[in-house]
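Below: the structure, in C-alpha coordinates.
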Amino acid sequence: MPTQASPHHVKVHARHRSAKDAPLREDEGDYASIEEAREAAAGCRRCPLWRDATQMVFGEGRETAEVVFVGEQPGDQEDIAGKPFVGPAGRVFDAILDEAGIARQKTYVTNAVKHFKFEPRGKRRIHSKPNAGEIKACRWWLDHELSLVGPKLAVALGATAAQSLLGKAVAVTKMRGRTIEREDGLRVFLTVHPSFILRIRDEADKEAERGRFLEDLKAVKALME
(Lines give C-alpha, C1' and ligand atoms only; values in the text may rest on other atoms or scores of the structure.)
Protein backbone atom coordinates (compact mmCIF):
# COMPACT_ATOMS: atom_id res chain seq x y z
CA MET A 1 0.00 0.00 0.00
CA PRO A 2 1.68 3.27 -1.06
CA THR A 3 2.37 5.88 1.56
CA GLN A 4 3.03 9.53 1.02
CA ALA A 5 3.79 12.36 3.40
CA SER A 6 0.99 14.76 4.19
CA PRO A 7 1.70 18.32 3.03
CA HIS A 8 -0.35 19.64 5.93
CA HIS A 9 0.44 19.23 9.59
CA VAL A 10 -2.67 18.32 11.55
CA LYS A 11 -2.38 18.67 15.31
CA VAL A 12 -4.21 15.99 17.23
CA HIS A 13 -4.08 17.90 20.51
CA ALA A 14 -6.24 20.91 19.66
CA ARG A 15 -6.55 23.29 22.59
CA HIS A 16 -7.31 26.68 21.02
CA ARG A 17 -10.64 28.36 20.40
CA SER A 18 -11.72 31.83 19.43
CA ALA A 19 -13.67 34.24 21.57
CA LYS A 20 -16.67 33.75 19.29
CA ASP A 21 -16.94 30.07 20.18
CA ALA A 22 -19.60 29.11 22.68
CA PRO A 23 -18.33 27.97 26.11
CA LEU A 24 -17.37 24.31 26.21
CA ARG A 25 -15.90 23.62 29.65
CA GLU A 26 -13.90 25.53 32.19
CA ASP A 27 -10.95 23.21 31.55
CA GLU A 28 -10.85 24.11 27.83
CA GLY A 29 -11.41 20.51 26.78
CA ASP A 30 -9.08 18.36 28.89
CA TYR A 31 -11.33 15.33 28.84
CA ALA A 32 -10.41 12.16 30.67
CA SER A 33 -12.52 9.81 28.54
CA ILE A 34 -14.68 9.56 25.45
CA GLU A 35 -17.78 9.59 27.65
CA GLU A 36 -16.69 12.84 29.28
CA ALA A 37 -16.04 14.40 25.87
CA ARG A 38 -19.41 13.12 24.60
CA GLU A 39 -21.22 14.75 27.53
CA ALA A 40 -19.46 18.06 26.88
CA ALA A 41 -20.18 17.86 23.15
CA ALA A 42 -23.92 17.54 23.75
CA GLY A 43 -24.09 21.31 24.26
CA CYS A 44 -21.75 22.25 21.40
CA ARG A 45 -22.48 25.54 19.63
CA ARG A 46 -19.28 25.82 17.61
CA CYS A 47 -21.19 26.17 14.32
CA PRO A 48 -24.86 26.90 13.45
CA LEU A 49 -25.77 23.28 12.58
CA TRP A 50 -26.96 22.55 16.14
CA ARG A 51 -30.01 24.79 15.63
CA ASP A 52 -31.86 22.43 13.28
CA ALA A 53 -30.41 19.06 14.25
CA THR A 54 -32.13 16.85 16.80
CA GLN A 55 -28.92 16.23 18.74
CA MET A 56 -25.15 15.98 18.57
CA VAL A 57 -24.13 12.53 17.30
CA PHE A 58 -20.78 11.68 18.87
CA GLY A 59 -18.60 8.72 17.96
CA GLU A 60 -18.79 5.35 19.67
CA GLY A 61 -16.81 2.15 19.97
CA ARG A 62 -13.73 0.82 21.69
CA GLU A 63 -11.74 3.54 23.43
CA THR A 64 -8.49 1.71 22.72
CA ALA A 65 -9.33 0.86 19.11
CA GLU A 66 -6.43 0.50 16.67
CA VAL A 67 -8.57 1.88 13.84
CA VAL A 68 -11.00 4.79 13.74
CA PHE A 69 -13.50 5.04 10.87
CA VAL A 70 -14.50 8.62 10.06
CA GLY A 71 -17.59 9.35 7.98
CA GLU A 72 -19.06 12.65 6.81
CA GLN A 73 -21.96 13.54 9.11
CA PRO A 74 -25.01 11.92 10.73
CA GLY A 75 -27.92 11.16 8.41
CA ASP A 76 -31.61 11.38 9.19
CA GLN A 77 -31.75 8.13 11.18
CA GLU A 78 -28.49 8.83 13.03
CA ASP A 79 -29.79 12.27 14.00
CA ILE A 80 -32.88 10.69 15.56
CA ALA A 81 -31.08 7.75 17.21
CA GLY A 82 -28.06 9.74 18.40
CA LYS A 83 -25.68 7.05 17.11
CA PRO A 84 -23.35 7.02 14.09
CA PHE A 85 -23.82 4.70 11.11
CA VAL A 86 -27.20 3.19 11.98
CA GLY A 87 -29.04 4.20 8.77
CA PRO A 88 -28.96 2.62 5.29
CA ALA A 89 -25.28 3.47 4.70
CA GLY A 90 -24.47 2.13 8.16
CA ARG A 91 -26.07 -1.20 7.34
CA VAL A 92 -24.00 -1.46 4.16
CA PHE A 93 -20.92 -0.52 6.17
CA ASP A 94 -21.60 -3.17 8.83
CA ALA A 95 -22.19 -5.91 6.27
CA ILE A 96 -18.99 -5.20 4.36
CA LEU A 97 -16.98 -4.78 7.57
CA ASP A 98 -18.10 -8.28 8.52
CA GLU A 99 -17.12 -9.69 5.12
CA ALA A 100 -13.70 -8.06 5.45
CA GLY A 101 -13.19 -9.72 8.84
CA ILE A 102 -13.28 -6.52 10.89
CA ALA A 103 -15.36 -6.58 14.07
CA ARG A 104 -17.08 -3.21 14.44
CA GLN A 105 -17.08 -3.55 18.23
CA LYS A 106 -13.28 -3.50 18.11
CA THR A 107 -13.21 -0.24 16.17
CA TYR A 108 -14.22 3.35 16.88
CA VAL A 109 -16.70 4.93 14.47
CA THR A 110 -17.43 8.65 14.19
CA ASN A 111 -18.09 11.49 11.75
CA ALA A 112 -16.18 14.58 10.72
CA VAL A 113 -19.26 16.73 11.40
CA LYS A 114 -21.50 15.71 14.27
CA HIS A 115 -24.76 17.55 13.61
CA PHE A 116 -27.09 16.62 10.74
CA LYS A 117 -27.09 19.24 7.96
CA PHE A 118 -30.13 19.02 5.73
CA GLU A 119 -32.64 20.81 3.53
CA PRO A 120 -36.35 20.25 4.30
CA ARG A 121 -38.43 19.02 1.37
CA GLY A 122 -41.98 18.45 2.48
CA LYS A 123 -41.82 15.94 5.30
CA ARG A 124 -38.37 14.72 4.26
CA ARG A 125 -34.98 16.01 5.36
CA ILE A 126 -32.49 15.84 2.49
CA HIS A 127 -28.78 15.55 3.26
CA SER A 128 -26.72 18.67 2.57
CA LYS A 129 -22.92 18.54 2.40
CA PRO A 130 -21.05 20.33 5.21
CA ASN A 131 -18.96 23.32 4.16
CA ALA A 132 -15.30 23.98 5.00
CA GLY A 133 -16.17 26.19 7.98
CA GLU A 134 -18.42 23.55 9.53
CA ILE A 135 -15.78 20.87 8.99
CA LYS A 136 -13.13 23.05 10.61
CA ALA A 137 -15.35 23.94 13.58
CA CYS A 138 -16.20 20.31 14.30
CA ARG A 139 -12.61 19.11 14.00
CA TRP A 140 -12.24 20.24 17.61
CA TRP A 141 -14.22 17.13 18.59
CA LEU A 142 -12.60 14.75 16.10
CA ASP A 143 -9.17 15.80 17.33
CA HIS A 144 -10.22 15.01 20.90
CA GLU A 145 -11.59 11.64 19.86
CA LEU A 146 -8.33 10.76 18.11
CA SER A 147 -6.31 11.95 21.09
CA LEU A 148 -8.35 9.87 23.54
CA VAL A 149 -8.55 6.70 21.43
CA GLY A 150 -4.97 6.87 20.08
CA PRO A 151 -5.51 4.73 16.95
CA LYS A 152 -2.75 3.49 14.67
CA LEU A 153 -4.94 4.07 11.62
CA ALA A 154 -7.80 6.37 10.64
CA VAL A 155 -10.01 5.49 7.67
CA ALA A 156 -11.44 8.47 5.82
CA LEU A 157 -14.81 7.45 4.40
CA GLY A 158 -15.27 10.07 1.70
CA ALA A 159 -14.03 13.56 0.88
CA THR A 160 -15.41 15.35 3.94
CA ALA A 161 -13.69 12.91 6.29
CA ALA A 162 -10.44 13.19 4.32
CA GLN A 163 -10.58 16.99 4.47
CA SER A 164 -11.13 16.89 8.22
CA LEU A 165 -8.34 14.39 8.87
CA LEU A 166 -5.79 15.95 6.49
CA GLY A 167 -6.71 19.62 6.72
CA LYS A 168 -7.15 20.05 2.96
CA ALA A 169 -9.44 18.97 0.16
CA VAL A 170 -8.52 15.58 -1.28
CA ALA A 171 -9.68 13.89 -4.50
CA VAL A 172 -10.71 10.64 -2.84
CA THR A 173 -11.79 8.90 -6.05
CA LYS A 174 -8.29 9.43 -7.49
CA MET A 175 -6.36 8.70 -4.29
CA ARG A 176 -8.58 5.88 -3.10
CA GLY A 177 -6.71 3.00 -1.50
CA ARG A 178 -3.71 5.13 -0.55
CA THR A 179 -2.41 5.61 2.96
CA ILE A 180 -1.15 9.07 3.87
CA GLU A 181 0.92 9.55 6.99
CA ARG A 182 0.30 12.81 8.84
CA GLU A 183 3.15 14.68 10.51
CA ASP A 184 1.89 13.47 13.90
CA GLY A 185 2.40 9.87 12.71
CA LEU A 186 -1.25 8.93 12.26
CA ARG A 187 -1.83 6.98 9.04
CA VAL A 188 -4.96 7.90 7.08
CA PHE A 189 -6.43 5.41 4.60
CA LEU A 190 -8.62 6.93 1.89
CA THR A 191 -11.78 5.35 0.51
CA VAL A 192 -15.35 6.26 -0.39
CA HIS A 193 -18.30 6.62 1.95
CA PRO A 194 -20.64 3.59 1.87
CA SER A 195 -23.51 5.90 0.87
CA PHE A 196 -21.75 6.19 -2.50
CA ILE A 197 -22.70 2.57 -3.16
CA LEU A 198 -26.35 3.26 -2.38
CA ARG A 199 -26.51 6.11 -4.89
CA ILE A 200 -25.54 3.89 -7.84
CA ARG A 201 -28.67 2.93 -9.79
CA ASP A 202 -27.33 0.26 -12.14
CA GLU A 203 -27.25 -3.04 -10.23
CA ALA A 204 -24.14 -4.35 -11.97
CA ASP A 205 -22.26 -1.11 -11.27
CA LYS A 206 -23.49 -1.12 -7.69
CA GLU A 207 -22.25 -4.67 -7.14
CA ALA A 208 -18.88 -3.81 -8.69
CA GLU A 209 -18.52 -0.78 -6.40
CA ARG A 210 -19.48 -2.88 -3.41
CA GLY A 211 -16.67 -5.26 -4.35
CA ARG A 212 -14.19 -2.38 -4.55
CA PHE A 213 -15.23 -1.15 -1.13
CA LEU A 214 -14.82 -4.67 0.25
CA GLU A 215 -11.28 -4.78 -1.16
CA ASP A 216 -10.56 -1.42 0.50
CA LEU A 217 -11.70 -2.74 3.86
CA LYS A 218 -9.64 -5.89 3.39
CA ALA A 219 -6.65 -3.59 2.86
CA VAL A 220 -7.58 -1.81 6.09
CA LYS A 221 -7.69 -5.19 7.84
CA ALA A 222 -4.19 -5.95 6.55
CA LEU A 223 -2.90 -2.60 7.80
CA MET A 224 -4.41 -3.32 11.23
CA GLU A 225 -2.40 -6.54 11.36
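With a cut-off of 8 Å between alpha carbons and a minimum separation of six or more residues, what is the relative contact order of region 117-225 in percent? All intermediate terms of the calculation are to be shown ahead of the outcome.
Details: 108 pairs, mean separation 21.8, N = 109.
Computed over region 117-225, the figure is 20 percent.
Using a 10 angstrom cutoff on alpha carbons, build the Gaussian network for the chain and name the most mobile of 67, 109, 170.
Residue with maximal mean-square fluctuation among 67, 109, 170: 170.
Enumerate by residue number the GluC sites (Glu not before Pro) in region 46-95 meeting two conditions: DSSP loop (anything except H, G, I, E, B), and at most 15 other Cβ atoms within 10 Å of the site's Cβ.
Values: sites: 60, 63, 66, 72, 78; in loops: 63, 66, 72.
Those that pass, being in a loop and sparsely packed, are 63.
Using unit Cβ charges (K, R positive; D, E negative) and no other charged atoms, how large, in debye to the nearest 20, is the dipole of region 44-151 about its Cα centre? Present the calculation step by step, with values, prior to reporting the outcome.
Details: 17 positive and 15 negative charges, 105 e Å.
Here the size comes out at about 500 debye.
Calculate how many DSSP beta bridges within the chain are antiparallel, expressed in % of all such bridges and rounded to the nearest 5. Kindly include the intermediate steps, with their values, before the conclusion.
Numbers: 9 of 25 bridges.
Close to 35 percent.
Which trypsin sites (Lys or Arg not before Pro) from region 58-124 combine a DSSP loop assignment with at most 16 other Cβ atoms within 10 Å?
Working: sites: 62, 91, 104, 106, 114, 117, 121, 123, 124; in loops: 62, 114, 117, 123.
Sparse-neighbourhood loop trypsin sites (Lys or Arg not before Pro): 123.
Calculate the spin-label point distance for residue 95 paired with residue 42, positioning each point 7 Å from the Cα along the beta-carbon direction, and give it in nanometres.
Each label point is offset 7 Å from its Cα along the Cβ direction, giving 3.4 nm.
Per residue, how many Å² of accessible area does region 162-209 show with a 1.4 Å probe? Before the final figure, lay out each step's value.
Numbers: 2430 Å² over 48 residues.
Using a 1.4 Å probe on heavy atoms only, each residue of region 162-209 averages 51 Å².
Have a look at 130, 142, 194 and report the one farthest towards the positive end of the charge dipole of the chain, computed about the Cα centre with Cβ charges (Lys/Arg +1, Asp/Glu -1).
Most positive-ward Cα: 130.
Distance between Cα centroids, region 60-115 to region 116-141: provide it in whole Å.
The distance from the Cα centre of region 60-115 to that of region 116-141 comes to 17 Å.
Please list, by residue number, every one of the trypsin sites (Lys or Arg not before Pro) in region 194-225 that is coil in DSSP and has at most 16 other beta-carbon atoms within 10 Å. Let's see the in-between values first.
Working: sites: 199, 201, 206, 210, 212, 218, 221; in loops: 199, 201.
Those that pass, being in a loop and sparsely packed, are 199, 201.
Using alpha-carbon pairs under 8 Å, 6+ residues apart, how would you state the relative contact order of the chain in percent?
Values: 405 pairs, mean separation 59.5, N = 225.
Worked out over the chain, it gives 26 percent.
Note the listed values (1) 0.97; (2) 1.01; (3) 1.39, then indicate which one is Cα Rg over 2.2 N^0.38 Å calculated from this particular structure.
Step by step, Cα Rg over 2.2 N^0.38 Å for this structure corresponds to label (1).
Which of the pairs 174/218; 106/168; 117/168; 106/129; 83/174; 152/206 have their Cα atoms more than 26 Å apart in this structure?
Details: 174/218 19 Å; 106/168 29 Å; 117/168 21 Å; 106/129 29 Å; 83/174 30 Å; 152/206 31 Å.
With Cα atoms farther than 26 Å apart: 106/168; 106/129; 83/174; 152/206.
Report the residues of region 135-164 in range of a label on residue 212: point 7 Å along Cα→C-beta, backbone N strictly under 14 Å from it.
Output list for this probe position: 158-159.
Take each uninterrupted DSSP H stretch in the chain, measure its Cα extent along the helix axis, and return the ones at 15 Å or beyond whose mean Kyte-Doolittle hydropathy is at least 0.0. Walk me through the numbers on the way to the answer.
Working: long enough: 88-100 (18 Å, 0.28); 132-149 (25 Å, 0.06); 203-224 (31 Å, -0.66).
Correct list, ordered by number: 88-100, 132-149.
The values are calculated or read from the model by the stated rules, or taken from the named source; none is laboratory data. No experiment lies behind these values; they were computed from the predicted model shown. Because the Cβ atoms are built from the backbone with ideal geometry, glycine has one as well, and the counts that use them run over all protein chains shown. We work out accessible area using only protein heavy atoms, side chains counted, and drop any ligands, DNA or RNA first. Shrake-Rupley method; radii C 1.70, N 1.55, O 1.52, S 1.80 Å.
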